[in-house]
Amino acid sequence: MKVYFDSAVLIACSVMDHPHHHPAAAALALVRDKKIEGWLSTHAMAEVYAVLTRTPFTPRVSPSEAWQLLTQNILPHFEVTVLSAKDYQDAIHGCATQGWTGGRVYDALHLRAAQKAGCDQIYTFNVRHFQQLAPELANLIRTP
């Protein structure tokens, strides 16, 4: 089964004190054990790095630690899908058409990547927003 992980899930599995660490880490373990096929996007890589290095976690995550978390704990176990300029344009246009503002565009990009990769499930801790953005995928969207 192909499962797309949004950045919030990848961040949660990387920070032990995160409130969603345990379910996220359990999902990551399924990927590492090859029980599911994990997918993420190039956008998710950047978003994970940005959030890890900017959020005031205790202890703080340094840029080099964020890089290590990505390159040692996540990337070796995941397939990565790349969005094209047209994918970005379509996602942004969809948000504009629906009147969605701000960070919802990032959720739209995650959904676009999951569709492009042909994923069977989409893991997020923002189920309601994801389902609003893509009601046709509602049955695929869940928390880990």
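Only the coordinates and a few stated rules stand behind these numbers; no lab work does. This is a predicted model, so every value here is computed, not measured. When we count neighbours, we look across all protein chains shown, and the Cβ atoms used for this are built from the backbone with ideal geometry, even at glycine.
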Conditions (1) exposed (fewer than 13 other Cβ atoms within 10 Å of the Cβ); (2) in contact with a Pro (Cβ under 9 Å, 6 or more places away or on another chain) -> Q72 fails only (2)
Within region 1-35, track down each residue that is in contact (Cβ under 8 Å) with a residue 60 or more places away in the chain, among the aliphatic types (A, V, I, L, M) and in contact with a helix residue (DSSP H, G or I) (Cβ under 7 Å, 6 or more places away or on another chain). V9, L10, A12, A24, A27
Among what's in region 36-50 and is in contact (Cβ under 8 Å) with a residue 24 or more places away in the chain and within 11 Å of S7 (Cβ to Cβ), pick the residue that is surrounded by the most Cβ atoms within 10 Å (Cβ to Cβ). L40
Condition check for T58: of a type outside the set (G, A, S) and touching a Ser or Thr at 6+ places or on another chain (Cβ under 8 Å): no
Within region 56-69, work out how many residues are free of Cβ contacts under 8 Å to residues at least 12 places away in the same chain and either polar (S, T, N, Q) or under 18 Å from L28 (Cα atoms) (or both). 3
